[in-house]
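> Following this message is one structure expressed as structure tokens.
The values are calculated or read from the model by the stated rules, or taken from the named source; none is laboratory data. Please read these numbers as outputs of a predicted model, since none were measured by experiment. Methodologically, a virtual Cβ is constructed for each residue, glycine included, from the backbone with ideal geometry; neighbour enumeration extends over all protein chains shown. Heavy atoms of the whole protein, side chains included, go into the accessibility calculation; ligands, DNA and RNA do not. Shrake-Rupley method; radii C 1.70, N 1.55, O 1.52, S 1.80 Å.
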Amino acid sequence: MRILSLFDGMACGMIAFKVAGIPIDSYDAYEIDKFAVQVATHNFPEIIEKGDVFQGNFTEYEGVDYVIGGSPCTYWSIAQSPDKRETTASGIGWELFSQYVRAINEAKPRYFIYENNKSMAKAIYDSISATFGFEPIMINSALVSAQNRERYYWV
């Protein structure tokens, strides 16, 4: 299985595939947080870290099995102060999401999984759904972890 992970964080995608028993042939990750990269590469030295998603040439992954990830929810979350929270399909949050869409368009994966928080504004939810052409499913992280966090998954 060939995986392209955007906004990889500490490589939860790698963890999920391994726990599911799915063999990974290659796992390329785009992440800029140096501490997340340190954790990911410590736990999974086979990950190929690529850096900044804005610099990615995703055509090199054409035909990859999966593109996975969720752009940082910081900009869309209700945890953000009201004067800084993005509530429309614009701003840095939308630019980050747009890089995910660019990756899908350039890599042409067999499958993709895009995840983000349930607390996003309806306008952003509607814009993401329109971009993908379908509605997401909602899964509460409490199903598989100690966190009670509702998340949307466009798959």
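> Tell me which residues, restricted to the stretch 20-49, are without any contact (Cβ under 8 Å) to a residue 12 or more places away in the chain and on the phi < 0 side of the Ramachandran plot.
Ala20, Lys34, Phe35, Gln38, Thr41, His42, Pro45, listed by residue number.
> Would you check if there is a residue in the stretch 115-132 being under 29 Å from Pro23 (Cα atoms) and touching a helix residue (DSSP H, G or I) at 6+ places or on another chain (Cβ under 6 Å)?
Yes, the stretch 115-132 has at least one match.
> What's the number of the only condition in (1) open to solvent by less than 50 Å² (accessible area, probe 1.4 Å); (2) free of Cβ contacts under 8 Å to residues at least 24 places away in the same chain; (3) farther than 23 Å from Arg151 by Cβ; (4) part of a helix (DSSP H, G or I) that Phe17 fails to meet?
The number of the failed condition is (3).
> Name the single residue that is surrounded by the fewest Cβ atoms within 10 Å (Cβ to Cβ) among those in the stretch 94-132 being part of a loop (DSSP other than H, G, I, E, B) and at pLDDT 95 or above.
Arg110
> Does the stretch 89-99 include one or more residues that are small (Gly, Ala, Ser) and touching a strand residue (DSSP E or B) at 6+ places or on another chain (Cβ under 8 Å)?
Among the residues of the stretch 89-99, not one is small (Gly, Ala, Ser) and touching a strand residue (DSSP E or B) at 6+ places or on another chain (Cβ under 8 Å), which makes the answer no.
> Which ones in the stretch 133-155 are within 16 Å of Gly69 (Cα to Cα), at pLDDT 95 or above and in contact with a Ser or Thr (Cβ under 8 Å, 6 or more places away or on another chain)?
Within the stretch 133-155, Pro136, Trp154 qualify.
> Looking at the stretch 32-68, which of its residues are under 19 Å from Lys108 (Cβ atoms) and out of contact with any Asp or Glu (no Cβ under 9 Å at 6 or more places or on another chain)?
Once the filter is applied, which keeps residues that are under 19 Å from Lys108 (Cβ atoms) and out of contact with any Asp or Glu (no Cβ under 9 Å at 6 or more places or on another chain), the stretch 32-68 yields Gly63, Tyr66, Val67.
> Identify, by number, the condition in (1) within 29 Å of Ala130 (Cβ to Cβ); (2) out of contact with any helix residue (DSSP H, G or I) (no Cβ under 6 Å at 6 or more places or on another chain); (3) in contact (Cβ under 8 Å) with a residue 24 or more places away in the chain that Asp52 doesn't meet.
All conditions pass for Asp52, except number (3).
> Let me ask something else. So, in the stretch 47-71, exactly how many residues are crowded, with 18+ Cβ neighbours inside 10 Å, out of contact with any strand residue (DSSP E or B) (no Cβ under 6 Å at 6 or more places or on another chain) and closer than 19 Å to Met10 by Cβ?
Of the residues in that region, 1 qualify.
> Also, I was wondering about something else. Do we find a residue being at pLDDT below 95, open to solvent by 20 Å² or more (accessible area, probe 1.4 Å), not aliphatic (A, V, I, L, M) and not in a loop (DSSP other than H, G, I, E, B) anywhere in the stretch 75-89?
Among the residues of the stretch 75-89, at least one is at pLDDT below 95, open to solvent by 20 Å² or more (accessible area, probe 1.4 Å), not aliphatic (A, V, I, L, M) and not in a loop (DSSP other than H, G, I, E, B), which makes the answer yes.
> Please specify each residue of the stretch 2-16 satisfying the condition of being closer than 17 Å to Asp65 by Cβ and touching a strand residue (DSSP E or B) at 6+ places or on another chain (Cβ under 7 Å).
Selection gives Arg2, Ile3, Leu4, Ser5, Leu6, Asp8, Ala11, Gly13, Met14.
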